[in-house]
Amino acid sequence: MQVQVKLFAFFREGRFIKEDRELANGTTAGEVVDSLDIDREEVGVLMLNSKHCQFETILQDGDVYAIFPVIGGG
Amino acid sequence: MADMIFRVNMSDLSTTLEDVPADWAGHGGRGLTSTIIAAEVPPTCHPLGPNNKLVIAPGLLSGTAAANSGRISCGAKSPLTGTIKESNAGGTSAQALAKMGCKALIIEGEPKDDTWYTLRLTSEGVTIEKEEELIGKGNFAVVDALEKRNTESIGVISIGQCGEMQMASANISIKDPDSHFRSCGRGGLGAVMGSKKIKAIALDAGDNKVEIADIDAFRAANKIFAKALVDHPVSQALGTYGSNVLVNIINESGGFPTRNFTQGQYEDHEQISGETMHDIIVERGGKPKHGCHKGCVIQCSQIYNDAKGKYKTSGMEYESIWGLGADCTVNNLDDIAEMDSIMDDIGIDSIETAVAFAVAMDGGLLDFGDANEMIRILRDEIGKGTPLGRVIGSGAGNVGRTYGVTRVPVVKNQGIPAYDPRAIKGIGITYATSTQGADHTMGYTIATEILAVGGKADPLSKEGQVELSRNLQIATAAIDSTGMCLFIAFAALDDGACLPALIDMLNARFGIALTADDVTNLGMSILKTEHAFNLAAGFTNKDDRLPEFFSLEPIPPHNAVWDFTDDEIDTFWDF
């Protein structure tokens, strides 16, 4: 299945901004984080199709998946 | 040297130094400005008339070495909202006021003629001088002239042309350590200063220092406090990307108001994002990391240079970039920086003015995305006070009424910022119930709803949102009294050492024994004082509502509408 993965802030360094990735069925959000060599401790927010999700969430074909470090502002 | 109240009467040009009344001693910043206004300003007065007062106060910890304690509070009855108002900013003035022993500056009355004045404050008190040279000038010229008249280190509080013309979106500008500006932006307090015919206030603290009751305890607590701030990952991201790091995450969430609140995502978000801004700044030799006051360890400000590497502006905030960018569909950071610089100079709120422009675009006055026309209007219409400039310079609500627009995102006539309340519902409760009109900083539920700091809440669900907003509004009222930057809240929400260290600093500064419960009670009592003022001014629970279009127009991508009932909103005040 194909999932669009988007990275933000310093997660982009040495990686990418946006990439369509071919993933095995049943891949979880956390497994994508691990495959990118991103420390789960550094992850602040995960969003799947513009809604918050968890490391355990199973991705589906056509999903848009966004990974953010811990950030804030206001 | 005990702190004093500095009082200036502009009707008879008299000044006095007064002892601090016992009831006011435990207050600082917003708690003090709101307490004084509630005590001395008739709630039904005209905000630009002689009975309104402008109160300027440093926070309880301002002027000390406490990290991030340089916020100054300006308060009055607002000409934009008609409510009580406090607006705070960084810069050097809070520290100067605190060091000279000024607990609060109260400016009352109004001159009977058109003579303008400049105030000069030292530890000895206030002198009032006639002002001619600076009338009609922008804030940059004001600072330049006051530094020449005094010293380069002089603190400056000033108004630009918009404040002189008493536009309802005029801000009060606070000089920063680089002689640029931080703004007490919201609610038109610059117009109140203009109504008092005060162009600028120069602050000379001399060699005075703030007295600390227990310096060892203070230093120990500050060390813990500063470490909590520095170590928190949000602080680190703020120092790299500024608050503009939020563009991409709020856009991703679908709560990024675009094209006058008709979409929840902006296709060109990447072009105005914090990541892009960071790269432009570095490429042009600017500074991505910069502090708005001495002692800031977060450094979310920045120095933004133009394409030739020459200074253009600093301290561009997410909300300004959102408003001028996504809400008006301007996708170029250089255009936004140009507008930010003009607004600093003429002295007008960048949130209110951006929201006003988007409403004007919806009304057909100019095209969405026409940055050149926005720049022209800012410079040649608003800055010069033409009829069109005054229409836009008096806020989004005014533009909507003038041009027959129904999609006008305001609460209590103040423009809604940067986070759509249909897709991020908790912030809608803050907009609706805030004592000061729509203002995200009053109870920043975004931290919990979107950023997963201080717990989690589903932004698309109503569950728990009233309580979340209430708790944050109470905490914020207390933090706004300390002189602390609100960005300490991220560490305070996550790091158990942060808040106790802050309380320890308060206790060491004054030789008192506050507990966490005392701080919560302080926040509650400030909110109640402000709410009581508004009720006496004629507001009711029916004013705690969002505009109708939020219930009628679903916002994509979630196609959410605002669906809180009136009764649900009204439970906010059950405390």
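The values are calculated or read from the model by the stated rules, or taken from the named source; none is laboratory data. Remember, predicted model here, so these are calculated numbers, not experimental data. When we count neighbours, we look across all protein chains shown, and the Cβ atoms used for this are built from the backbone with ideal geometry, even at glycine. Ligands, DNA and RNA are stripped out before the accessible areas are found, and what is left, the full protein with its side chains, is counted by its heavy atoms. Shrake-Rupley method; radii C 1.70, N 1.55, O 1.52, S 1.80 Å.
With the structure loaded, tell me whether B:ILE488 is within 29 Å of B:PRO42 (Cα to Cα), open to solvent by less than 20 Å² (accessible area, probe 1.4 Å) and β-branched (Val, Ile, Thr) or whether it fails that test. Answer is no for this residue.
Does B:LYS294 satisfy the condition of being assigned to a loop (DSSP other than H, G, I, E, B) and either open to solvent by 10 Å² or more (accessible area, probe 1.4 Å) or not small (Gly, Ala, Ser) (or both)? Answer is yes for this residue. For region B:223-259, taking the residues that are surrounded by 23 or more Cβ atoms within 10 Å (Cβ to Cβ) and at positive phi, the one that is nearest to the other protein chains (Cβ to nearest Cβ) is identified as B:GLY254. Of the numbered criteria (1) among the small types (Gly, Ala, Ser); (2) out of contact with any helix residue (DSSP H, G or I) (no Cβ under 9 Å at 6 or more places or on another chain); (3) part of a helix (DSSP H, G or I), the one B:SER235 fails is (2). Take B:ILE303 and decide whether it is surrounded by 19 or more Cβ atoms within 10 Å (Cβ to Cβ), of a type in the set (A, V, I, L, M) and either assigned by TED's automatic domain parsing to the domain that holds B:ARG182 or within 23 Å of B:GLY389 (Cβ to Cβ) (or both). No, not satisfied. Against the numbered list (1) at pLDDT below 95; (2) outside the structural domain of B:MET316 (by TED's automatic domain parsing), B:ARG182 comes up short only at (1).
Among the residues of region B:321-339, the ones that are without any contact (Cβ under 8 Å) to a residue 40 or more places away in the chain and open to solvent by less than 10 Å² (accessible area, probe 1.4 Å) come to 2 in all. Just one of (1) surrounded by fewer than 24 Cβ atoms within 10 Å (Cβ to Cβ); (2) closer than 20 Å to B:SER341 by Cα fails for B:ASP204. It is (2). For A:ASP34, all conditions in the list (1) open to solvent by less than 70 Å² (accessible area, probe 1.4 Å); (2) more than 8 Å from chain B (Cβ to nearest Cβ); (3) charged (D, E, K, R); (4) under 10 Å from the mean Cα position of the chain (by Cα) hold save one; what is the number of the exception? The failed condition is (1).
Test B:LEU522 against the criterion of being surrounded by 18 or more Cβ atoms within 10 Å (Cβ to Cβ) and hydrophobic (A, V, I, L, M, F, W, C), and give yes or no. Write out each step before concluding.
Numbers: surrounded by 18 or more Cβ atoms within 10 Å (Cβ to Cβ): yes; hydrophobic (A, V, I, L, M, F, W, C): yes.
The answer is yes for B:LEU522.
Any idea which of B:ALA452, B:ALA418, B:ALA423, B:ALA438 is outside the structural domain of B:GLY187 (by TED's automatic domain parsing), touching a strand residue (DSSP E or B) at 6+ places or on another chain (Cβ under 6 Å), aliphatic (A, V, I, L, M) and within 30 Å of B:ARG379 (Cβ to Cβ)? Give the steps one after another, and end with the answer.
On the way: B:ALA452 fails: within 30 Å of B:ARG379 (Cβ to Cβ); B:ALA418 fails: touching a strand residue (DSSP E or B) at 6+ places or on another chain (Cβ under 6 Å); B:ALA423 fails: within 30 Å of B:ARG379 (Cβ to Cβ).
Matching residue, one of B:ALA452, B:ALA418, B:ALA423, B:ALA438: B:ALA438.
Let's see how each residue does on (1) buried (at least 24 other Cβ atoms within 10 Å of the Cβ); (2) farther than 21 Å from B:THR482 by Cα:
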{"site": "B:GLY185", "(1), (2)": "yes, no"}
{"site": "B:VAL192", "(1), (2)": "yes, yes"}
{"site": "B:ALA200", "(1), (2)": "yes, yes"}
{"site": "B:ALA221", "(1), (2)": "no, no"}
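Here A:ILE58 clears all of (1) touching a residue at least 12 places away in the same chain (Cβ under 8 Å); (2) within 14 Å of another protein chain (Cβ to nearest Cβ) except the condition numbered (2).
I'd like the residue in region B:89-116 that is not in a loop (DSSP other than H, G, I, E, B) and either not assigned by TED's automatic domain parsing to the domain that holds B:ARG182 or not hydrophobic (A, V, I, L, M, F, W, C) (or both) and, out of all such residues, is farthest from B:ALA57 (Cα to Cα). Before the answer, list the steps.
Step one: of region B:89-116, the residues not in a loop (DSSP other than H, G, I, E, B) are B:89, B:93-99, B:102-108, B:116.
Then drop every residue that is not either not assigned by TED's automatic domain parsing to the domain that holds B:ARG182 or not hydrophobic (A, V, I, L, M, F, W, C) (or both), which leaves B:93, B:95, B:99, B:103, B:108.
Details: B:SER93: 9, B:GLN95: 10, B:LYS99: 12, B:LYS103: 6, B:GLU108: 15 Å.
For region B:89-116, the residue satisfying everything is B:GLU108.
Every residue in region B:344-401 that is among the aromatic types (Phe, Trp, Tyr) and in a loop (DSSP other than H, G, I, E, B), please. Write out each step before concluding.
Here is the first cut: in region B:344-401, the residues among the aromatic types (Phe, Trp, Tyr) are B:357, B:368.
Of everything in region B:344-401, just one residue is among the aromatic types (Phe, Trp, Tyr) and in a loop (DSSP other than H, G, I, E, B), namely B:PHE368.
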